[in-house]
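Structure first, commentary second.
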Amino acid sequence: MATRAQDIFVEARAYPKVQALVTNKVNLIGFACGMGASNSDCAYGPEVLKQMGLSRVLQDRGVNAKWKCFLKTSIQGLDKQLRIDYLSFQYRILAQAVAKSVRQHERFAVIGGDHSCAIGTWSGAAHQIQKLGPLGLIWIDAHMDSHTFITSHSGALHGMPLACLLGYGDRRLTSILSVGTKIAPQHVCLVGVRSFEAEEAQLLKRLGVKIIFMQEIKQRGLFSALKEALTIVNQGTAGFGLSIDLDSIDPLEAPGVGTPELGGLSSKELLDALKIFPQQRSLLGIEIAELNPTLDQKLITAKLVIKALIAGLVRG
């Protein structure tokens, strides 16, 4: 596949930042879908967090948090093509909900579901701010999620969302709300990667996407890595988002994920580092994905999600 780096390059310059975000108000958007994952039980994650009182917990900490949208998808037995058609429709609904939140100058928190929800989340954010400038994105994940159907070993959509946002993949997935690239490669930073295949690594290398691998984080610390990531996603953009896959955390501390990888981030280091985000005025929203309650132990991972949202959204 030929590189499209020249096609999607956006000149780095000073864009006006998204202004007047209401930082004490958060629109919670649930995307209860596991159809993009090999183990679809992460579809139950948003409902578990809702039942645990996520909105109330944030409200008790001074954030006006309300569930504005809660999408459920549970269709089984579709063949590949019908599944893509159906999911692209669902991603479009999610994108519209996110775009509405940004249009109203209110932060959002998307709760997945599998990480393919990112196709909808960041397509919506990018579409809404495109007249101001590009979108930046910090991607905290054990994996690169940068396959296409041509390169994927499993065919699972949750291994493809970043590639789709960069403009690679099935047209039905790269044309949510608008056709083509949603995020330019120079505006993306991956953090915590420790498991990947050669094909997706080659794509990101060719595009020049910045990747801070887990080995480097162990040497320099997560706080330092996220400060660098913030510099990348704020330069030449109008706003940025934060996408967190729970498998970025070591499974000994976050067992409730479908694709665990040993040697990940410590929950304490992540929660401490996320505290730098509430004060970032150009932060549009946060996405957390891949909570699988059927694999969790005593709600350890679910409780960690709530703590992460508090750290990332509530000013200390």
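Check whether at least one residue in segment 140-147 is β-branched (Val, Ile, Thr) and either closer than 21 Å to Ser282 by Cα or free of Cβ contacts under 8 Å to residues at least 40 places away in the same chain (or both), and report yes or no. Checking segment 140-147: at least one residue is β-branched (Val, Ile, Thr) and either closer than 21 Å to Ser282 by Cα or free of Cβ contacts under 8 Å to residues at least 40 places away in the same chain (or both). Would you point out the residue of segment 105-136, among those that are surrounded by fewer than 18 Cβ atoms within 10 Å (Cβ to Cβ) and without any contact (Cβ under 8 Å) to a residue 60 or more places away in the chain, that is nearest to Leu291 (Cα to Cα)? Only one residue fits best here, namely Gln130. The set of residues in segment 61-84 being surrounded by 14 or more Cβ atoms within 10 Å (Cβ to Cβ), in contact (Cβ under 8 Å) with a residue 60 or more places away in the chain and farther than 26 Å from Val26 by Cβ consists of Ile84 alone.
So that you can scan it fast, the table gives a plain yes or no per residue for (1) in contact with a helix residue (DSSP H, G or I) (Cβ under 7 Å, 6 or more places away or on another chain); (2) touching a residue at least 12 places away in the same chain (Cβ under 8 Å); (3) acidic (Asp, Glu):
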| site | (1), (2), (3) |
| --- | --- |
| Leu177 | yes, yes, no |
| Ile183 | yes, yes, no |
| Gln186 | no, yes, no |
| Glu197 | no, yes, yes |
| Leu204 | no, yes, no |
| Lys210 | yes, yes, no |
| Phe213 | no, yes, no |
| Gln219 | no, no, no |
| Ala225 | yes, yes, no |
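Scanning segment 170-199 for residues that are buried (at least 23 other Cβ atoms within 10 Å of the Cβ) and among the hydrophobic types (A, V, I, L, M, F, W, C) turns up Leu173, Ile176, Ile183, Ala184, Val188, Cys189, Leu190, Val191, Val193.
Taking segment 63-159 as the region of interest, the strands (runs of 3 or more DSSP E) fully inside it that hold 2 or more residues being modelled with pLDDT of 95 or more, among the β-branched types (Val, Ile, Thr) and within 25 Å of Ala225 (Cβ to Cβ) are 106-112, 135-140. The residue of segment 1-45 that is modelled with the lowest pLDDT, among those that are in a loop (DSSP other than H, G, I, E, B) and over 24 Å from Val188 (Cα atoms), is Ser38. Of the residues Gly312, Gly285, Gly258, Gly264, the single one that is more than 17 Å from the chain's Cα centre (by Cα) and not hydrophobic (A, V, I, L, M, F, W, C) is Gly264. When we screen Ala198, Ala184, Ala229 for residues that are over 17 Å from Ala118 (Cα atoms), within 19 Å of the chain's Cα centre (by Cα) and among the aliphatic types (A, V, I, L, M), the only hit is Ala229.
The values are calculated or read from the model by the stated rules, or taken from the named source; none is laboratory data. Just so you know, these numbers come straight off a predicted model, no measurement behind them. When we count neighbours, we look across all protein chains shown, and the Cβ atoms used for this are built from the backbone with ideal geometry, even at glycine.
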